[in-house]
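Data block below; observations after.
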Amino acid sequence: MYAVVRTGGKQVRLAPGQSVRVEKLAGEVGDAISFDEVLLLGGEGETKVGKPLVDGASVSAKITAQDRGEKITVFKMKRRKNYSRKQGHRQYFTEVTVESIQG
């Protein structure tokens, strides 16, 4: 069984036992969280598609890490204009492990 949920402005496909990185969520490592915005349920039997959400469906997960991703370098340059800017960025993320899918 799998579910597609909306979190952090993105859609993520989740399955039980899967570990996935999502946009930063409030909570400490070890806390239980629930994703209530389930857009699709599928896997066994009939696929349920929400309009826009599946009624009564939720995904329970556990926070396993609160960290920052790899550093990316943003470099802008305009040739012959003596213009260049260099900036680094590290995005915050929350890693969760899916425990169960209800619905």
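Read-outs throughout are calculated quantities, based only on the coordinates presented, and are distinct from any laboratory measurement. Quick caveat, the model's predicted, so the values are computed rather than measured. Neighbour counts are summed over all protein chains in view; Cβ atoms, including those assigned to glycine, are modelled from backbone coordinates with ideal geometry.
Overall, the chain carries a charge dipole of about 1560 debye about its Cα centre when +1 sits on the Cβ of Lys and Arg and -1 on the Cβ of Asp and Glu, all other atoms neutral. Hull volume per residue, based on the alpha-carbon atoms of the chain and their convex hull, is 130 Å³. Amide H contacts of E99: G17, S60, A61, K62, each under 5 Å away and 5 or more positions distant or on a separate chain (H built 1.01 Å from N in the peptide plane; Pro and chain starts excluded). Think of the chain as having a plus end and a minus end, set by charges on the Cβ of Lys, Arg, Asp and Glu; of V74, M1, A15, V74 sits farthest toward the positive end of this dipole. Non-local lysine pairs in the range 2-102, meaning eight or more places apart or on different chains, with alpha-carbon distances under 23 Å, amount to 10. Across the chain, C-alpha contacts under 8 Å between residues 6 or more apart give a mean separation that, scaled by the residue count, equals a relative contact order of 33 percent.
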